[in-house]
Amino acid sequence: MTLSLPVVLGVGAIMFGLGVYGALTQTNAIRVLMCIELVLNSVNINLVAFSRFTADQALGQIFAVFVMTVAAAEAAVGLAIILMIARRKTQIDIDQINLLKW
Amino acid sequence: MTVTDWVFLAIALVTLFSAYRVVTTHKIMHAALWLGLTFVGVAGIFLLLGADFLAAAQVLVYVGAITTIIIFGIMLSSVEDLRGESFDNVWKRLSSRLTSSRRGIWPLLAAVGLAAAMVIVVSRGQWPASPHAPALDTPRLLGEALFTRFVIPFEAASIVLLVALIGAIALALKEERTE
């Protein structure tokens, strides 16, 4: 047995669970962003694993490239929004951010 | 077990442990550094799966750019969040977690349930037993596919990146202009 597919998928699933738990429980907005990055990375692991075990190896890897692109865009825009909120409210606790406009 | 299995096991354990520390460590700066280690581990898994271009891109984009941008975000935002919770006692922290509805048992159940469902589905499925032969030059493979079959998604992704770039600059600059 060399690197079977279910083992890699299991690693991805556990990492996904960790990311979901963090995104649900953390109150710091930056920490929530980090946990979302964990979730996106675990999805990438799954995509690359599937691409290794199918005949057309380019498919899964290209999907992973697009996931990476969207994750970079999400991190940039998310952190810009968090910085703007931090400047106005002097805190980034997501339980306290409850106004659409102030 | 072959050498590849042992290496994969080690990298997977490091990745999962650092992902766990991202969620549980107190100081948010430590969480950012653990996140960087997680990204390195994921790059190692990519390497073992034969996706060497993706591993390089992972190191460049995630370890190089996203970890740095997150650390910048932490340092530019509020200071009092750096330290995190102040409970030193493990049991006090645990009980305060479990009694609150926001951080209590329901998120734990949701996350564990989701992961368990995925593991069950994966373990019951019929999977191809042996991997195909790894593609020798993944950069050429990916480049040819990106510029022939996937050229429209490729252009859409570049527009997404451009919009995100402009949007991030506009969001970060707006406050200074009005002040």
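The values are calculated or read from the model by the stated rules, or taken from the named source; none is laboratory data. Quick caveat: nothing in here was measured; it's all calculated off a predicted structure. Here the Cβ positions follow ideal geometry from the backbone for every residue, glycine too, while neighbour counts run over all protein chains shown. Accessible surface is based on the protein model in full, side chains and every heavy atom, while ligands, DNA and RNA are left aside. Shrake-Rupley method; radii C 1.70, N 1.55, O 1.52, S 1.80 Å.
Considering (1) more than 7 Å from chain A (Cβ to nearest Cβ); (2) open to solvent by less than 40 Å² (accessible area, probe 1.4 Å), the lone condition that B:W106 does not fulfil carries the number (2).
Taking the range B:49-61 as the range and being modelled with pLDDT of 90 or more and facing chain A (nearest Cβ under 7 Å) as the test, the residues that pass are B:L54, B:A57, B:V61. In the range B:118-165, how many residues are open to solvent by less than 90 Å² (accessible area, probe 1.4 Å), facing chain A (nearest Cβ under 8 Å) and in a helix (DSSP H, G or I)? Residues flagged as open to solvent by less than 90 Å² (accessible area, probe 1.4 Å), facing chain A (nearest Cβ under 8 Å) and in a helix (DSSP H, G or I) within the range B:118-165 amount to 14. Given the condition in a helix (DSSP H, G or I), modelled with pLDDT of 80 or more, open to solvent by 60 Å² or more (accessible area, probe 1.4 Å) and not hydroxyl-bearing (S, T, Y), answer yes or no: does some residue in the range B:76-88 qualify? Within the range B:76-88, one or more residues are in a helix (DSSP H, G or I), modelled with pLDDT of 80 or more, open to solvent by 60 Å² or more (accessible area, probe 1.4 Å) and not hydroxyl-bearing (S, T, Y).
Residues that are modelled with pLDDT under 90 and small (G, A, S) were ranked within the range B:166-179; the one that is surrounded by the most Cβ atoms within 10 Å (Cβ to Cβ) is B:A168. Filter the range A:6-17 down to the residues that are facing another protein chain (nearest Cβ under 7 Å) and open to solvent by 30 Å² or more (accessible area, probe 1.4 Å), then identify the one that is farthest from B:A116 (Cα to Cα). Only one residue fits best here, namely A:P6.
Please verify whether the range B:32-51 includes one or more residues that are farther than 16 Å from A:A64 by Cα, touching a Cys at 6+ places or on another chain (Cβ under 7 Å) and part of a helix (DSSP H, G or I). Looking for residues that are farther than 16 Å from A:A64 by Cα, touching a Cys at 6+ places or on another chain (Cβ under 7 Å) and part of a helix (DSSP H, G or I), one finds none in the range B:32-51, hence no. Look at (1) open to solvent by 10 Å² or more (accessible area, probe 1.4 Å); (2) at the interface with another protein chain (Cβ under 7 Å from one of its Cβ atoms); (3) under 13 Å from the mean Cα position of the chain (by Cα); (4) among the aliphatic types (A, V, I, L, M) and you find that A:L83 fails only one, number (3). Sort out which residues of the range A:31-65 are crowded, with 24+ Cβ neighbours inside 10 Å, more than 9 Å from the chain's Cα centre (by Cα) and either small (G, A, S) or farther than 29 Å from B:G143 by Cα (or both), and write them in order of number. Matches in the range A:31-65: A:R31, A:A49, A:S51, A:A64.
Scanning the range B:104-114 for any residue that is at pLDDT 75 or above, assigned by TED's automatic domain parsing to the domain that holds B:V23, closer than 21 Å to A:G22 by Cα and within 23 Å of the chain's Cα centre (by Cα) turns up nothing.
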